[in-house]
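Here's the structure, in structure tokens; my notes come after.
Please treat every number below as a calculation from the coordinates, not as lab data. Note that the structure is a prediction, hence the values are computed from the model and not measured. Note that we place each Cβ from the backbone using ideal geometry, even for glycine, and neighbour counts take in every protein chain shown.
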């Protein structure tokens with residue numbers, strides 16, 4: 001006869017089964033109830049006499065589903081007892097940490113993704129911020145603590161308060177756990193980057209995109225311009241893998257400072273030459289650098305998706321005649337964002353003397369909003385002759 005035992009917050013609910021039925025119970029979990037986790041892996045399984053005690057997750061509705069799924073197959077009891085935590089247990093998600101720590105309706109609103117940059121986590125509370133609850137600060141702190149539990153190398157958690165904005169592409173951040181120290185070291189594709197998450201633009205979400213571009217087929221001693229380099233993730237990874245000369249530009253003095261340091265701290269096959277300036281200045285007839293680089297560049301990277309289209313004149317000014325490669329990033333509306341991106345580019349190239357000779361690659365890099373995607377177009381541009 002199945003009986004429900006009393007439960008309290010300090011104790012764990014267990015399903016109590018005879019030793020000889022334990023294997024059958026585990027088989028039922030795998031076959032009939034495989035879509036749902038019912039056992040709390042954080043708590044040790046207990047053995048007492050002829051019985052085995054399997055710890056259950058702190059979710060009343062799911063426990064009811066479990067009971068309904070096995071009632072006709074096994075004799076068991078649901079009991080409450082003190083649980084002993086697994087010493088070396090590794091949490092797989094912040095949801096797992098927070099089960100039993102936050103109300104179920106709040107658990108549904110916690111962030112599903114976040115950015116880890118070295119010892120720093122940046123998290124956005126889009127859904128939690130929609131509720132009017134006096135415990136909101138407490139909920140955010142519990143989420144931050146869970147993030148630390150899941151990611152042992154993390155020391156500081158920031159809440160993202162705004163989207164990227166302004167000339168330097170910065171976002172507002174507020175510390176909710178740890179010291180307010182925004183400087184960190186970040187490893188990516190065998191390169192090391194030092195940066196300040198408050199005063200420079202950086203996203204770890206382009207890790208595979210930077211790997212893809214830096215592993216492309218580069219000619220020996222190819223000349224490259226990275227028009228919006230930030231702290232150098234594209235430029236340095238290209239130079240690490242290729243004997244290329246990269247002119248890396250950024251208008252943000254803080255990004256430039258870290259770029260210089262990152263160039264010094266990474267071993268590279270190629271060379272990165274840093275410039276703290278707006279690339280539009282290259283168009284100035286009095287710009288010595290602009291006149292030197294004019295029509296000498298084999299490949300151009302334009303990773304400023306919100307404004308890249310406005311800098312096509314600079315790309316056309318720099319691109320080596322009669323042809324060159326352009327990695328062009330932009331935000332485009334759904335549906336058919338790639339088609340719209342190509343049409344947009346063709347329209348803006350119309351009177352430049354350049355045209356798209358070949359689309360080498362086109363893809364959605366990642367969703368940006370409910371209505372738009374970040375896309376990349378790898379193009380071979382040709383000059384009308």
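Structure data summary
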quantity	calculated
Fully extended contour minus Cα-Cα distance, from residue 346 to residue 136, at 0.36 nm per residue	70.8 nm
Contact order normalised by residue count of the chain, Cα under 8 Å, 6+ apart, percent	9
Segment 152-284: translational diffusion in µm²/s, Stokes-Einstein, Kirkwood Rh over Cα pairs, 10 °C, 1.306 mPa s	102
Normalised alpha carbon radius of gyration of segment 205-383 [divisor 2.2 N^0.38 Å]	0.98
Chain lengthening between residue 72 and residue 363 when straightened (0.36 nm per residue, less Cα-Cα)	99.6 nm
Stokes-Einstein D (µm²/s) once Rh is taken as the Kirkwood radius of segment 43-139 over alpha-carbon pairs, at 4 °C in 1.567 mPa s	78
Helix axis angle, 253-265 relative to the chain longest principal axis, alpha carbon, degrees	80
Helix 136-150 vs. the chain, principal-axis angle (Cα, 0 to 90°, nearest 10)	90
By average C-beta atoms within 10 angstrom, highest first, the peptides 356-363, 96-103	96-103, 356-363
For segment 94-181, Kirkwood radius (reciprocal of mean inverse C-alpha pair distance, Å)	13.5
Cα-projected label distance for residue 126 with residue 283, points at 7 Å along beta-carbon direction, nm	3.4
Global geometry of segment 153-192, whether rounded, prolate or oblate, following the gyration tensor of its Cα atoms and the 1.5 cut on a/c	oblate
Difference of contour (0.36 nm per residue) and Cα-Cα distance, residue 112 to residue 199	28.8 nm
Gap separating the Cα centres of segment 371-385 and segment 50-118, nearest whole Å	48
Crossing angle, helix 337-349 versus the chain [Cα axis fit, 0-90 degrees, rounded to tens]	20
Cα-based convex hull, the chain, per residue volume (Å³, whole number)	184
Equivalent ellipsoid dimensions for segment 12-81 as semi-axes, Å, which come from the Cα gyration tensor, largest first	17, 15, 11
Where the Cα pairs of segment 275-380 fall when distances are cut into 5 Å bins, in %	2, 12, 22, 24, 17, 12, 7, 3, 1
Whole-angstrom gap from segment 145-175 to segment 241-286, using each part's C-alpha centre	26
